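Read through the structure below, which is laid out as structure tokens, and then see the notes.
What follows draws every value from the coordinates through simple rules; no lab data is involved. Being a predicted model, the structure only gives us computed values, none of them experimental. Don't worry about glycine lacking a Cβ; one is built from the backbone with ideal geometry, like all the others, and counts go over all protein chains shown.
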Amino acid sequence: MPVLSCFGQSDAKIILANLKQDLELINREVTSLRTEVEMLRRENAQLKVVMDQTNRANKLGQQNGLVLELQNRMQSLELAFKQSERARGANQEDISKKFQQIIAQMNRGFEQVTTANTSAPEKAPTFSTDYPPNGFVHKVEKGETVSSIAKKYNSKVSWIINANQIADPTKVFVGRELFVPQK
């Protein structure tokens with residue numbers, strides 16, 4: 001209070017009144033600033049909400065973009081699958097037609113073979129009885145033929161064939177007993 005003593009009491013009251021007014025002004029200014037700060041905080045909070053929504057929308061937009069890309073890929077895969085199914089079906093039809101042609105060709109071949117076998121039946125060989133009734137039995141050994149046996153015993157091939165009713169002289173096997181006619 002040394003300042004107050006220099007001045008008078010009335011001057012001190014004026015100074016005090018001025019200080020009070022200054023404090024009130026400062027108080028009002030602080031209150032005003034507090035209000036402004038509060039308003040700025042609210043705006044900041046609102047901006048944060050808007051930013052969050054924007055970020056979510058961007059993320060959803062990106063996700064929607066990914067979903068669209070996946071849908072496009074799925075459509076292209078479905079298209080490729082349908083095309084491959086059509087191609088597979090066409091290949092199956094082609095293979096089926098070729099099998100049918102092969103089967104028809106085989107059937108024609110079987111018919112030709114069957115017709116060839118039935119149309120010209122083999123004649124049963126006829127054998128003559130014009131050979132000498134005398135002779136002996138010979139057992140065929142390895143390396144012998146009807147011709148070699150006939151030569152060996154001074155007989156004729158035709159006599160041996162007729163006497164034994166041999167249809168194919170090349171198929172006389174080892175161990176077979178043959179009647180060899182002799183004069």
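On the given criteria, is T129 under 30 Å from P181 (Cβ atoms) and among the β-branched types (V, I, T)? Spelling it out, T129 is indeed under 30 Å from P181 (Cβ atoms) and among the β-branched types (V, I, T).
Of the residues in region 118-140, none is in a helix (DSSP H, G or I) and surrounded by 10 or more Cβ atoms within 10 Å (Cβ to Cβ).
Inspection of region 80-103 identifies no residue that is outside any helix (DSSP H, G or I) and not polar (S, T, N, Q). Does D168 satisfy the condition of being touching a residue at least 12 places away in the same chain (Cβ under 8 Å), of a type outside the set (A, V, I, L, M, F, W, C) and loosely packed, with under 15 Cβ neighbours inside 10 Å? No, not satisfied.
For (1) touching a strand residue (DSSP E or B) at 6+ places or on another chain (Cβ under 7 Å); (2) under 30 Å from D168 (Cα atoms); (3) among the basic types (K, R); (4) in contact (Cβ under 8 Å) with a residue 12 or more places away in the chain, each residue gets a yes or a no:
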site: R56; (1), (2), (3), (4): no, no, yes, no
site: K59; (1), (2), (3), (4): no, no, yes, no
site: V67; (1), (2), (3), (4): no, no, no, no
site: L79; (1), (2), (3), (4): no, no, no, no
site: K82; (1), (2), (3), (4): no, no, yes, no
site: A87; (1), (2), (3), (4): no, no, no, no
site: Q100; (1), (2), (3), (4): no, no, no, no
site: V113; (1), (2), (3), (4): no, yes, no, no
